[in-house]
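Written below as structure tokens is the structure these notes are about.
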């Protein structure tokens, strides 16, 4: 794979400060986040490159190695003799447990340079080192309700470390998606001969909700409205997933199946809870279960007006 200019990926000069790199990363991550670009493979690839660049440049040790080797890293890798500075390779800087790990679960998508110098040491290059491997990463399912995914939550896990039980608190961010992975650092398999332990990845599953269906960042629901409201128009109450009560105006002569859009009342975006999807409300006609004599007279009168027999 070709050498990647991580400074160019983030759009910053080589003299950029840590604050400049952080600011550029946040701006680009928001722009190309998969949640904001559903189905856009180019945006997904760009998002991976942005995160890869940030992983290297935001860490002083990895950035210094990258600056020293530059575009000549391939020639250096094939050259005999010890590496400058000696000592063990630096470990990849990982995100905090509350951050979602959709894109950093393995080496997929990273350049050869990143994997060789800052990764886990796998592959052909990693075979040159005699170090024992770090503990393996493990995965475990984590089922959340849609309400928990909407507001975020905290889970307390009872885990084993070297045969001793201990309690771990894991924060789940608001807006977490189905299939996302939450990293819990150092809670995977035990590393041999003093090597770091692996990590635990909690794979998120969202349980079905009785009233709302999630589609990306949008929520969809159905409400039944009385026939007089559909014909004459009126207001109906809508309770959002977050518990907010809204008034929805129903125009007169609204047919069954009409969809209304309530902006910014959907799911929050991961890492940007102030950014919300929309809530789509589909109305159904509510047929009465029984008719009083007076109501029957009114419906019969309406039938005559409509030309019925």
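The values are calculated or read from the model by the stated rules, or taken from the named source; none is laboratory data. Being a predicted model, the structure only gives us computed values, none of them experimental. Cβ sites come from the backbone with ideal geometry, for glycine too, and all protein chains shown count toward neighbours.
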For residue 56, state whether it is outside the structural domain of residue 175 (by TED's automatic domain parsing), in a loop (DSSP other than H, G, I, E, B) and touching a helix residue (DSSP H, G or I) at 6+ places or on another chain (Cβ under 9 Å).
no
Among the residues of region 155-173, which ones are within 16 Å of the chain's Cα centre (by Cα) and either farther than 25 Å from residue 217 by Cβ or without any contact (Cβ under 8 Å) to a residue 24 or more places away in the chain (or both)?
none
Which ones in region 135-154 are under 16 Å from the mean Cα position of the chain (by Cα), in a strand (DSSP E or B) and in contact (Cβ under 8 Å) with a residue 40 or more places away in the chain?
141, 142, 143, 144
In region 15-38, how many residues are over 19 Å from residue 271 (Cα atoms) and surrounded by 13 or more Cβ atoms within 10 Å (Cβ to Cβ)?
2
Given the criteria surrounded by 13 or more Cβ atoms within 10 Å (Cβ to Cβ), assigned to a helix (DSSP H, G or I) and at pLDDT below 95, does residue 203 qualify?
no
Flag if residue 176 is touching a residue at least 24 places away in the same chain (Cβ under 8 Å) and outside any strand (DSSP E or B):
yes
Regarding region 189-212, can at least one residue be identified that is farther than 24 Å from residue 276 by Cβ and not assigned by TED's automatic domain parsing to the domain that holds residue 142?
no
Tell me yes or no: at least one residue of region 178-194 is under 20 Å from residue 35 (Cα atoms) and surrounded by fewer than 18 Cβ atoms within 10 Å (Cβ to Cβ).
yes
